[in-house]
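One structure is given here, and the rest of the page talks about it.
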Amino acid sequence: MNKVYIVADNIISSLGFSSEENYNNLVCGNCGINIVDDQNLSVEPVPVSLVKNQRLAEEWSVVPAIEDYTRFEQLLIISVKKTLAQTNVNVKDRSTLIVISTTKGNIDLIDPGKSDLFPKERIHLWSAASVINQYFENPNDPVILSNACISGVMALNIAADFIRMGKYENVIVAGADVLSKFIISGFQSFMSLSSAACRPFDKKRSGLTLGEGAGCIILSSSANKNERMNITIEGGGSHNDANHISGPSREGEGAYLSIKSALKEAVLTSGDIDYISAHGTATPYNDEMESVALDRHGLNNIPVNSYKGFWGHTLGAAGIIESVAAILSMRKNILIPSVGYEEHGVSKELNVIKRIAEKNLNYVLKIASGFGGNNGAIIFKKYLNGDND
């Protein structure tokens, strides 16, 4: 089967419009979460991580467009264009596929004042995906993944399978979600939002923080020969623990099985993993469940972090932008601290990263969990050019 190489990537978030800009802010410890008092988003002030409107307008102003696009669509188009610009991939060729990851897509079109701006079908995920596909003139039907908060990780795993099986030479995996009153009020009804920036795995954590953004990763069956190193997807897995509509299995069963599947597909053991990018939402049950799943695999001593203390939970984009951040850590051999973590707050011992550190990172595990008992895992490997395997 074909190897699956990561040949380009992009992150758009409250911390910037490129992977490097975001990474530099992570290294500096800059947080993109702010208390926002906006009646269009929430009836009360709420901590969120928002893409800056002015920056989005500036970036969009140079994008060739002959029709109107929603905020969600603009973020996706910009992210894909920035990623494509790093490669020679022909998006108009049948050998290239577009996969889109999102939880709610154009859900903000139900807000008053927006419902009449676009055709009614635009609120459907298939319609938004078609709009993106048509913008880039891709000849294939787009694939759209919407499976709660594991959407991004699942999209990467499915895209990798397409390449392994030889169905496509290149797959563009793009994910995005935007915040609206509908989304924020939904999490408020669960009483799952923190009153301040979230604190994953910390004893004083009190809930998650929502964010918005977009990310893109281009996968290819061909390595980038001009790079000193290449990153591949070695394995993945997805399991549903069927525990509860919103609460995870207390035994971490789905996460445990997802990691087990990823390790098996990658032909690795837990001892091969150098670093873990956790889901880490900072809710009481999610973080506890992840600690149990990691403990069951004997991964307690492996450095682990959550990026959600920097830019919040970006929903359908999270698995992609957090994977990009983890890949950048691999390339630079740098461990990024888990912002907000001070005192250990889960029952199992974890090696939560508290400060910037250097470490040679060859294998990285990314995990994700979501409503409905969904869980996913993916493993990345670093190759230096010239390696034989």
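The values are calculated or read from the model by the stated rules, or taken from the named source; none is laboratory data. Nothing here was measured: the structure is a model prediction, and the numbers come from that model. Every residue, glycine as well, gets a Cβ built from its backbone with ideal geometry; the counts of neighbours run over all protein chains shown.
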Worksheet entry | Top-ranked residue of region 1-34 - restricted to ones that are charged (D, E, K, R) and surrounded by fewer than 21 Cβ atoms within 10 Å (Cβ to Cβ), ranked as nearest to residue 160 (Cα to Cα) | 3
Item to complete: Would you point out which residue out of 362, 333, 305 is surrounded by fewer than 22 Cβ atoms within 10 Å (Cβ to Cβ), of a type in the set (S, T, N, Q) and under 23 Å from residue 18 (Cβ atoms)?
Response: 333
Discussion item. Tell me yes or no: at least one residue of region 176-192 is within 13 Å of the chain's Cα centre (by Cα) and buried (at least 24 other Cβ atoms within 10 Å of the Cβ).
Written reply: yes
Worksheet item: Looking at region 1-112, what strands (runs of 3 or more DSSP E) fall wholly within it and have at least 3 residues that are over 30 Å from residue 199 (Cβ atoms) and modelled with pLDDT of 95 or more?
Response: 5-12, 96-101
Worksheet item: Of all residues in region 34-71, how many are under 24 Å from the mean Cα position of the chain (by Cα) and polar (S, T, N, Q)?
Response: 5
Discussion item. Quick test for you: out of 184, 158, pick the one residue that is over 22 Å from residue 127 (Cα atoms), hydrophobic (A, V, I, L, M, F, W, C), at pLDDT 95 or above and in a helix (DSSP H, G or I).
Written reply: 184
Worksheet item: Is there a residue being buried (at least 24 other Cβ atoms within 10 Å of the Cβ), at negative phi and modelled with pLDDT under 95 anywhere in region 217-226?
Response: no
Fill in: Unmet requirement for residue 148, which otherwise passes all of (1) closer than 16 Å to residue 214 by Cα; (2) at pLDDT 95 or above
(2)
Fill in: Candidates 327, 321 - the one that is part of a helix (DSSP H, G or I) and under 17 Å from residue 382 (Cβ atoms)
327
Worksheet item: Quick check: is even one residue across region 338-355 free of Cβ contacts under 8 Å to residues at least 24 places away in the same chain, surrounded by fewer than 18 Cβ atoms within 10 Å (Cβ to Cβ) and of a type in the set (Gly, Ala, Ser)?
Response: no
Item to complete: Taking residue 108 as the residue in question, decide whether it is surrounded by fewer than 19 Cβ atoms within 10 Å (Cβ to Cβ) and in the same structural domain as residue 76 (by TED's automatic domain parsing).
Response: no
Fill in: Residue match in region 282-292 (condition: assigned to a strand (DSSP E or B), not assigned by TED's automatic domain parsing to the domain that holds residue 12 and not charged (D, E, K, R))
no
Discussion item. Quick test for you: out of 97, 50, pick the one residue that is under 22 Å from residue 327 (Cβ atoms) and buried (at least 21 other Cβ atoms within 10 Å of the Cβ).
Written reply: 97
Worksheet entry | Checklist (1) assigned to a helix (DSSP H, G or I); (2) within 17 Å of residue 153 (Cβ to Cβ) applied to residue 233, failing item | (1)
